[in-house]
Structures are given as structure tokens and as C-alpha cells.
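The values are calculated or read from the model by the stated rules, or taken from the named source; none is laboratory data. Quick caveat: nothing in here was measured; it's all calculated off a predicted structure. Note: ideal-geometry Cβ built from the backbone for every residue, glycine included; neighbour counts use all protein chains shown. Please note that ligands, DNA and RNA were not included when accessible areas were found on the heavy atoms of the full protein model with its side chains. Shrake-Rupley method; radii C 1.70, N 1.55, O 1.52, S 1.80 Å.
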Amino acid sequence: MTIWLTGFALVVIVLATLALAARYNLWRPSKPLSLPRILMYHSIRPVVSPTGRGSGIVTTPEQFAWQMDWLARHGARFVTVAQLMAADDRAHMVAITFDDGYVDNYTIAWPILQKYNAPATIYLAPEMPGINPLTPEMVREMSASGIEFGAHTLTHIHLPSTDDATAEREIRQSRGAVQALTGQPCSSFAYPYGKLADRHVEMVRLAGFSSAVTTKKRVMPWAKVHSLRLPRLSMLGQMNRFEFWLTITRGRYRV
Ligand SMILES: [Zn+2]
């Protein structure tokens, strides 16, 4: 009887482990925290949900504060993407990035970032429809205080399905628009939706950008990274703390 029970327990444990491994990226090797990482956020604001967590592109202030705290406690050196590009020693560097330019990046995220002396990079699509954007005054104030502003096309287009002339113009003009807002050079670009074809890398380079982030969810040694195809980890609002840890250590939490 005891042997039978032990066997049954073993089967349950094996099945549970397999189920966890099928759902989560636990089986992927953990990447050292010393490798540089670029994290992607969008909007930081309170939401009403049964879990208390956000969803999709919305991360709650509580989640964001906890995640910043976790990163700081684990030795993160917070930098902008431009600082990451320029660094000689990138060990433990973490670049916090926000896409699109939501007003809550100023009202909610920035005070939390300041607690950790953390700069960040915000990718603006200055003519993006349908969002509550940062005002030009907010952009100027943050820019003067060490927040980097990058470009994200003018209207947030899906590059692969846009004709080349429009894609080239959107990429080039977004750099000019961001520079006009901040009064500073703009060297960083983010592909909207993380989507690009090979020809867009050349357009980004010719427009004068020296870095461009994708949504390729990888943690990799800097030597293997292409500066105009930088990998970036999606910090989704629905992630619980375990899923956050998986994302940081494996690049993504789901298989
Ligand atoms: Zn975007």
C-alpha cells in the first residue's frame, strides 16, 4: 500500500512538473543578472481588476514600484538606452523604456523612477492617435532632468505593411519632431509593434539613429546584439511576481 501511494505521489509530481514546464519558461536556462537588459513598459496607471494587477500594456503603480524595487535590490544599474549604447562596462545595466508617450509616464512613473535615481527612455510617436499623451512642457521638463526621448514613427505605423516612401518619411520626421520637442539630439528608435522588415533597419540607420529596439524577447551577451535590432523584454501588466522573475531571468515567462 505504501509503495503504491509513493508511486502515485511520484506520478502526480512528475505530471505537475510537466504541466508547469509546458506553461512556463522554467526549463529555459536562467541568464545571469549581470547581462544588460532593456525592459519595455507602456502605461503605468491604476486599474480595477480582481487580481489587483494590470493587463496588456497597463502596469499598475504598485506593480511598477515593486518591480523597480526588485531590480534595485538585485544590483540593477539603471541607464537610458543611449547610456547603455555608450557604456564600456554594461554589467548589470537595466534600461527602462516606455513606448508611445502616455501622460502617466510623467504623473505616475517618473516619481517612482526618481526614488531609484533611475533615468528611462521614452519613445514618442508625436502624432499617434487615440492616446492621452505627454504635453510638450512635460517632455521638456523630463528631458532637462535626464529622461531620454527616442522616436517611434510619427503616427505609430505598422512598418511592414506601409509603402517604403511613407515608412522612410515617418521614421525620419519622427526624429525631427522629437528633437524639436526636447531641443536635444535624438539617437534612439523603437519599431512600432516591434515589427520590421530588413529594409527598415537601413531606413533607421540613414535617418541618423544609432540604436533601435525591437520586441525580440531575449537576454543575450552584448557582443551578439545588433544595435539597430536590440532585444527587449515585454513587461506585461498581467504578470504576477513569479512571471516577472521568469521574464527577467529567461526573457519571457510563457513558453
Ligand atoms: Zn508603440
When segment 222-244 is checked residue by residue, the ones that are more than 15 Å from the chain's Cα centre (by Cα) and open to solvent by 60 Å² or more (accessible area, probe 1.4 Å) are TRP222, ALA223, LYS224, HIS226, ARG241, PHE242
Could you look through segment 1-56, keep only residues that are aliphatic (A, V, I, L, M) and part of a loop (DSSP other than H, G, I, E, B), and pick out the one that is modelled with the lowest pLDDT?
MET1
Under 7 Å between Cβ atoms, at least 6 apart or on separate chains: pull out the pairs that start in segment 244-255 with a residue that is at positive phi and end on any residue that is of a type outside the set (Lys, Arg).
GLY251/VAL219; GLY251/LEU233
Being exposed (fewer than 15 other Cβ atoms within 10 Å of the Cβ) and more than 15 Å from the ligand (Cβ to nearest atom) is the filter; apply it to segment 108-140 and report the residue that is nearest to PRO46 (Cα to Cα).
PRO111
For LYS217: the one exception among (1) under 18 Å from ILE122 (Cβ atoms); (2) assigned to a loop (DSSP other than H, G, I, E, B); (3) not β-branched (Val, Ile, Thr)
(1)
Do we find that ARG175 is closer than 16 Å to LEU124 by Cβ, of a type in the set (Lys, Arg) and either modelled with pLDDT of 95 or more or surrounded by 19 or more Cβ atoms within 10 Å (Cβ to Cβ) (or both) in this structure?
yes
Does segment 112-127 contain any residue that is among the small types (Gly, Ala, Ser) and free of Cβ contacts under 8 Å to residues at least 24 places away in the same chain?
no
Number of positions in segment 68-88 that are under 17 Å from the mean Cα position of the chain (by Cα), away from the ligand (no atom under 16 Å from the Cβ) and assigned to a helix (DSSP H, G or I)
9
Taking segment 141-156 and keeping only residues that are open to solvent by 10 Å² or more (accessible area, probe 1.4 Å), over 15 Å from LEU113 (Cβ atoms) and within 19 Å of the chain's Cα centre (by Cα), one is left with HIS156
Going by the conditions given, is ALA91 touching a Pro at 6+ places or on another chain (Cβ under 9 Å) and away from the ligand (no atom under 16 Å from the Cβ)?
yes
Name the one entry in VAL255, VAL213, VAL201 that is open to solvent by 10 Å² or more (accessible area, probe 1.4 Å), under 30 Å from GLY176 (Cα atoms) and among the β-branched types (Val, Ile, Thr).
VAL201
If LEU10 satisfies all but one of (1) under 16 Å from GLU243 (Cα atoms); (2) open to solvent by 50 Å² or more (accessible area, probe 1.4 Å); (3) out of contact with any Gly (no Cβ under 9 Å at 6 or more places or on another chain), what's the number of the condition it fails?
(1)
When THR162 is run through (1) within 16 Å of the ligand (Cβ to nearest atom); (2) under 20 Å from ARG45 (Cβ atoms); (3) among the polar types (S, T, N, Q), the failure sits at (2)
Out of curiosity, is ARG53 charged (D, E, K, R), touching an Asp or Glu at 6+ places or on another chain (Cβ under 8 Å) and surrounded by 18 or more Cβ atoms within 10 Å (Cβ to Cβ)?
no
From the options ASP99, ASP104, residue that is under 18 Å from PHE209 (Cβ atoms) and either touching a residue at least 60 places away in the same chain (Cβ under 8 Å) or basic (Lys, Arg) (or both)
ASP99
Matching option when the condition is touching a residue at least 24 places away in the same chain (Cβ under 8 Å) and within 12 Å of the ligand (Cβ to nearest atom), among ILE147, ILE171, ILE157:
ILE157
Residue identified as away from the ligand (no atom under 16 Å from the Cβ) and out of contact with any helix residue (DSSP H, G or I) (no Cβ under 6 Å at 6 or more places or on another chain) among SER30, SER34:
SER34
